[in-house]
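The values are calculated or read from the model by the stated rules, or taken from the named source; none is laboratory data. Just so it is clear, the structure is predicted and the values come from calculations on it, not from any experiment. Note that each Cβ is placed from the backbone with ideal geometry, even for glycine, and that neighbours are counted across all protein chains shown. Side chains included, ligands, DNA and RNA excluded: accessible areas come from the protein's heavy atoms. Shrake-Rupley method; radii C 1.70, N 1.55, O 1.52, S 1.80 Å.
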Amino acid sequence: MRVIVPATEGRAVRVGAGRRVRVTDLEGGQVGDVFAVAADDVDEHLSASHTRAATSRLFPVAGEQFVTSRRRPILTLVEDTSPGCHDMLIAACDAERYRALGVPGHASCADNLRTSLAALGLSVPVIPQPVNVFMRIPVAGDGRLSWLSSISRPGDAITFEAAMDCVLVVSACPQDLVGINGHHPTALATDLLTSEK
């Protein structure tokens, strides 16, 4: 099953334990904010900070698990055909971020999460920090971050396997003021793969 995530919007899919889901950059150069919440308790969510503690890494690589706010595995990164630049440091863009940039009312990944979950009758009390796939935020030796354009290519994809029943939300990040999407957001696709993988 393929779900197109239009540019600047978000979409949610239910993923059963053991199923795989692939996020594809259709045109290249597009960041996707990936959120996941436990199917039976949306208060438990994929946590980038807990994952960094579990893996002792700043950025994810194939074979490693993402854990929840309760330190339970929720997703495993099983395949990555992109250059491998993904971020686990930056918060989801939100209304406050765009107000600070001088553009109130701008679409945001935080709003996309809320809207996507609402379509399934769900809501979260707080906006978790996402895993930002295809996002290039290198850390310099002095700790400074750089906000660089994504280098993912058309058709590049990252595939996760669910370790628990969960709801996965992908936001095609609407950021067009900072150059992470080349100032031109485009669509992503989410594919729920068959059990045969």
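How large is the accessible surface per residue of the stretch 75-174, computed with a 1.4 Å probe and reported in Å² as a whole number?
Accessible area per residue: 42 Å².
Going by average Cβ neighbours within 10 Å, how do the peptides 174-180, 38-44, 160-166 rank, with the highest at the top?
Values: 174-180: 18.6, 38-44: 14.6, 160-166: 21.3.
Averaged packing, sorted descending, gives the order 160-166, 174-180, 38-44.
In whole percent, how big is the carbon plus sulfur part of the accessible area of the stretch 1-128, probe 1.4 Å, protein atoms only?
Numbers: 2920 of 5810 Å².
Taking all protein chains in place, the stretch 1-128 shows 50 percent carbon and sulfur surface.
First check a/c for the stretch 30-133, with a ≥ b ≥ c the square roots of the eigenvalues of its C-alpha gyration tensor; if it is under 1.5, answer rounded, and if not, answer prolate when a/b is larger than b/c or oblate otherwise.
Oblate shape, in that a/c is at least 1.5 and b/c is the bigger or equal ratio.
Counting Lys and Arg as +1 and Asp and Glu as -1, what is the net charge of the other residues whose Cβ lies under 13 Å from the Cβ of residue 54?
Values: positive: 52, 57, 70, 71, 72; negative: 64.
Counting the neighbours of residue 54, the net charge comes to +4.
Can you classify the chain as rounded, prolate or oblate using the Cα gyration tensor, where a ≥ b ≥ c are the square roots of its eigenvalues, rounded means a/c under 1.5, and otherwise it's prolate if a/b beats b/c and oblate if not?
Numbers: a/c = 1.29, a/b = 1.21, b/c = 1.07.
It comes out rounded by the Cα gyration axes.
Tell me the Rg and the Dmax, in Å, that the Cα atoms of the stretch 26-82 produce.
12.3, 36
Please give the peptides 133-142, 56-65, 79-88 ranked by average Cβ packing (other Cβ atoms within 10 Å per residue), highest first, as a rough proxy for protection. If you can, show how the numbers build up before the last one.
Working: 133-142: 16.6, 56-65: 14.2, 79-88: 18.7.
The most tightly packed comes first, giving 79-88, 133-142, 56-65.
In nm, to one decimal, how far is the residue 95 label point from the residue 165 one, both placed 7 Å along Cα→Cβ?
With each label point 7 Å from Cα toward Cβ, the separation is 3.3 nm.
Along the Cα→Cβ direction, 7 angstrom out, place labels at residue 118 and residue 49. What is the inter-label distance in nm?
Here the modelled spin labels are 2.7 nm apart.
Once both labels are modelled 7 Å past Cα along the beta-carbon direction, what's the residue 17-residue 70 spacing in nm?
With each label placed 7 Å out from Cα toward Cβ, I get 1.2 nm.
Please work out how much length the chain gains when fully extended from residue 56 to residue 147, using 0.36 nm per residue of separation minus the C-alpha to C-alpha distance, in nm with one decimal.
Working: separation 91, 0.36 × 91 = 32.76 nm, distance 2.25 nm.
Result for the pair: 30.5 nm of gain on full extension.
For the stretch 77-125, what is one quarter of the convex hull surface built on the Cα atoms, given in nm²?
Result: 5.5 nm².
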